[in-house]
Amino acid sequence: MPSDRRILTDEEKAQVRAKYDKRCYICDEPLDNYEDSEIEYDHIYAHVLEPGEDISNFAPIHASRNPSRKNCHKGKGTKTWYEYKEELRIKEELATIKGLKDICSQAKESTFRLGEQHIEFNGKVLPIYNQSLNGKNNLYFFHVLDVEYLENDQEIQLRPLEDKIFPMTMHLRKSIQLLPSLGRLDTISRKVKIFDGQHKAVAQIIGNRRKAIPCIVFIDPDVKELERIVFEAHSEFLQQRYKRSHVIDKLASQYQARVLDWQRKYGDVPFSEKDVLQGETKATQRKLLLATIIGSLTEKGSFIDSRFNFENDLVDSSKKKAGRRHPMLWDNYEKFISLVARLTPVEENDKSPDNHRNDELENVAFILQLLYWHAIRGKWNPETPQDEGHQLCVRYFYDKVFEVWGQILVSALRYAYEQKVGRALGDAALCYREPFEEEVKKRLDTIFKRLFQHGIWSNPAYKDIFRSTTSAPISELFHKEGLDYIYLTKLET
């Protein structure tokens, strides 16, 4: 495979433009009136893959730096151009529809013949299954149905598409579909109507351009009864979602599985995170490493101080904002860990003294303890919600409030550490290093103390601002009150 990136000649650039009819590969709009400096000639697929540096793998893309002209090159990130173009196509198509009814509004009539144990459906002989309840038969069959024979069930399910449709669509482009869509065969109209799993159906039809999708089809069910069942299934019997702590456990176990796979392949020898996570996207690497760090912190139980227990004192593993038993929502906990821990793979092997993952856990644990000591201990008590201390703690951990002070706090911690050790951290994570020395710990402790003892928290005039659903008003308030990293790191005189 080629190792050096190819630089196209003027003649080759003209050839590439001609191949795409002088149109941008991404938006398909003309490249006319764009200078060569405003056009990017980039790989459709990664240059290390086939067809690599062959000219057939290049495409012209708008890339003007003039804000009044198109720059399709901007915003791609680490995706391949094919992936990026598909993402834009899918978003554009999804924006034009509100539900499955906009794609499958009128099904073609199916041909079928019912037997006792089989159904001959559109030329295929399929087994019939029965959920017999109280002496009543409920017949159904499974088939991968051509989309042209499907329509949205307007009687039972009118639910429009939700925001999750786009991430689900992208997920199903690279993942198998675990559950089929559910439909019913109306033997009078001879049509199959989809009443559940419309999101999966839309995701497959648009995202993967599927012409057929997997379905379980009930044969002439009682529509009113089915209506009741579907409603109950989506309300009182809605399955419990994974708690964030459960998701973390799953991701951490996935990382461990990768370690075992690597060891089975190469033996019980030192390995690095870079070895284990080679080939994974940066986003996947971040998720797996974050999960492993959090999982390891949880296993430490009481961290360093027996008075502080992770499960009992800090994080609520549900997504509920009201009535929670612990001060910090799990999403915010993950964000906080992301601000202080290293979420890129370590190149040094697990036996190397230059690998500081275990040291990092100790440092992160210390930071979390400071958060507990100064923001939670002696304040948080959901049994007395009107208590002044509890209300103060609630204020600290409002979503947008946390978002603002979390960034300020970590900036202050990093700055103070740099002052103490006499060197800049650069892009390095705060906690990925040797265990903090006692002098450093004392310095970091004063920063937490300054933050949470600031008069801004108890000022009744700011009560409504702290409840803001956006961070801008809170940022403005902190700026007005001078609560920034400079104030937090100011040495006592």
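The values are calculated or read from the model by the stated rules, or taken from the named source; none is laboratory data. This one's a predicted model, so the numbers in the text were calculated from it and none came from an experiment. No Cβ is skipped: glycine too gets one built from the backbone with ideal geometry, and neighbour counts run over all protein chains shown. Heads up: the accessible areas ignore ligands, DNA and RNA and are worked out on the full protein's heavy atoms, side chains in. Shrake-Rupley method; radii C 1.70, N 1.55, O 1.52, S 1.80 Å.
The number of residues in the range 257-283 being exposed (fewer than 14 other Cβ atoms within 10 Å of the Cβ) and part of a helix (DSSP H, G or I) comes to 9.
Here's the yes/no breakdown for (1) acidic (Asp, Glu); (2) under 18 Å from His326 (Cβ atoms); (3) more than 32 Å from the chain's Cα centre (by Cα):
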| position | (1), (2), (3) |
| --- | --- |
| Gly378 | no, yes, yes |
| Pro382 | no, yes, no |
| Pro385 | no, yes, yes |
| Gly389 | no, yes, yes |
| Cys393 | no, yes, no |
| Gly406 | no, yes, no |
| Tyr415 | no, no, no |
| Gln419 | no, no, yes |
| Gly422 | no, no, yes |
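Let's see how each residue does on (1) within 24 Å of Leu329 (Cα to Cα); (2) open to solvent by 60 Å² or more (accessible area, probe 1.4 Å); (3) in contact with a Lys or Arg (Cβ under 9 Å, 6 or more places away or on another chain):
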position: Arg377; (1), (2), (3): yes, yes, yes
position: Gly389; (1), (2), (3): yes, no, yes
position: Arg443; (1), (2), (3): no, no, yes
position: Phe478; (1), (2), (3): yes, no, no
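Among the residues of this structure, Val364 counts as one that is more than 24 Å from Phe466 (Cα to Cα) and touching a helix residue (DSSP H, G or I) at 6+ places or on another chain (Cβ under 7 Å).
Scan the range 412-430 and tell me whether some residue there is part of a loop (DSSP other than H, G, I, E, B) and among the acidic types (Asp, Glu). Yes, there is a match, as at least one residue in the range 412-430 is part of a loop (DSSP other than H, G, I, E, B) and among the acidic types (Asp, Glu). Contact map, the range 322-335: first residue modelled with pLDDT under 85, second residue among the aromatic types (Phe, Trp, Tyr) and open to solvent by 30 Å² or more (accessible area, probe 1.4 Å), Cβ cut-off under 7 Å, separation 6 or more or different chains; the map is empty.
Taking the listed residues Leu409, Leu451, the one that is more than 17 Å from Asn332 (Cα to Cα), among the aliphatic types (A, V, I, L, M) and in contact (Cβ under 8 Å) with a residue 24 or more places away in the chain is Leu451, with no other qualifying. In the range 453-476, the qualifying residues are those that are hydrophobic (A, V, I, L, M, F, W, C) and over 31 Å from the mean Cα position of the chain (by Cα), and the one that is most open to solvent (accessible area, probe 1.4 Å) is Ala461. All of Tyr396, Tyr417, Tyr432 fail the test of being touching a His at 6+ places or on another chain (Cβ under 6 Å) and either under 28 Å from Val346 (Cβ atoms) or crowded, with 19+ Cβ neighbours inside 10 Å (or both), apart from Tyr432. When Ile97, Ile156, Ile90 are screened for being within 17 Å of Ile194 (Cβ to Cβ) and touching a helix residue (DSSP H, G or I) at 6+ places or on another chain (Cβ under 6 Å), only Ile156 passes. Just one of (1) part of a strand (DSSP E or B); (2) open to solvent by less than 40 Å² (accessible area, probe 1.4 Å) fails for Leu182. It is (2).
Among the residues of the range 207-234, those identified as within 26 Å of the chain's Cα centre (by Cα) and surrounded by 21 or more Cβ atoms within 10 Å (Cβ to Cβ) are Gly207, Ile213. Out of everything in the range 345-375 that is farther than 20 Å from Leu290 by Cβ and not hydroxyl-bearing (Ser, Thr, Tyr), what residue ends up being surrounded by the most Cβ atoms within 10 Å (Cβ to Cβ)? Only one residue tops the list, namely Ala375. Of all the listed residues (Glu53, Glu162), the sole one being in contact with a Pro (Cβ under 9 Å, 6 or more places away or on another chain) and either over 16 Å from Val217 (Cβ atoms) or surrounded by fewer than 18 Cβ atoms within 10 Å (Cβ to Cβ) (or both) is Glu53.
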